Amino acid sequence: MRWIASLTALGFFCAVGGVPAWAAEEMILNDVSPPDYNAYGWTFTGLTLFTLGYGIYAYTKSQDELDQADKNYKLYKNAGTTSSALKYRGKTEDHRDEARNYETRANAAIVLTLVFGLTAFYSFHTDLGPHMSLTSTLDGAVFTWHF
């Protein structure tokens, strides 16, 4: 019998908890003022700067790993024993793999920087180019593009 009361109370609180979401959705649907995209612009400007910084960091780490690989390759070529040659060869391969990974991350960061930068630019300058609209709802974000 106690579980029925608990289940009823839980259902009541879930229903009452949904009222603010319903009210917010009604307010969003009935709002006729043009949306302000400055918040989106600043958000994407921050994302642009973050991804640019990470891209620079990843590129620098890639170059450092390549330098380490070159040093280990020279040690590999001048190794006196088979075991030290194998050790330096393994280190060379590890540094080359790390350099490749950082290079991939740097390239992805550059692409994201361009996408975020263009999105920030068009968020601040909505009158330029085709009419774009980014609307947030309770179900998600709706992106429209009118020519």
Shape descriptors of region 38-146 over alpha-carbon atoms, Rg and Dmax in angstrom, are 22.2, 70
Work out from phi, with θ = phi - 60° and the Karplus expression 6.51 cos²θ - 1.76 cosθ + 1.60, the ³J(HN,Hα) of each residue of region 58-72, listed in order in whole Hz, and give x for Gly and Pro.
5, 5, 5, 5, 4, 5, 4, 5, 5, 4, 5, 5, 5, 4, 5
Note, region 96-112: 3J(HN,Hα) by Karplus (6.51, -1.76, 1.60, θ = phi - 60°), whole Hz, Gly/Pro = x, goes 5, 5, 4, 4, 5, 5, 5, 5, 4, 5, 5, 5, 5, 5, 5, 5, 5
Around Thr126, which amide H atoms from residues at least 5 apart in sequence, or from another chain, sit under 5 Å from its own amide H, with H modelled in the peptide plane?
none
R0 of 41 Å, Cβ-Cβ distance Leu86-Phe50: FRET efficiency to nearest 0.05
0.50
Expected sort for Ser123, Ser83 with the fewest Cβ neighbours (10 Å cutoff) up front is Ser83, Ser123
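Values in this text are rule-based calculations from the coordinates and carry no lab data. All values reported here derive from a predicted model rather than from experimental measurement. Cβ sites come from the backbone with ideal geometry, for glycine too, and all protein chains shown count toward neighbours.
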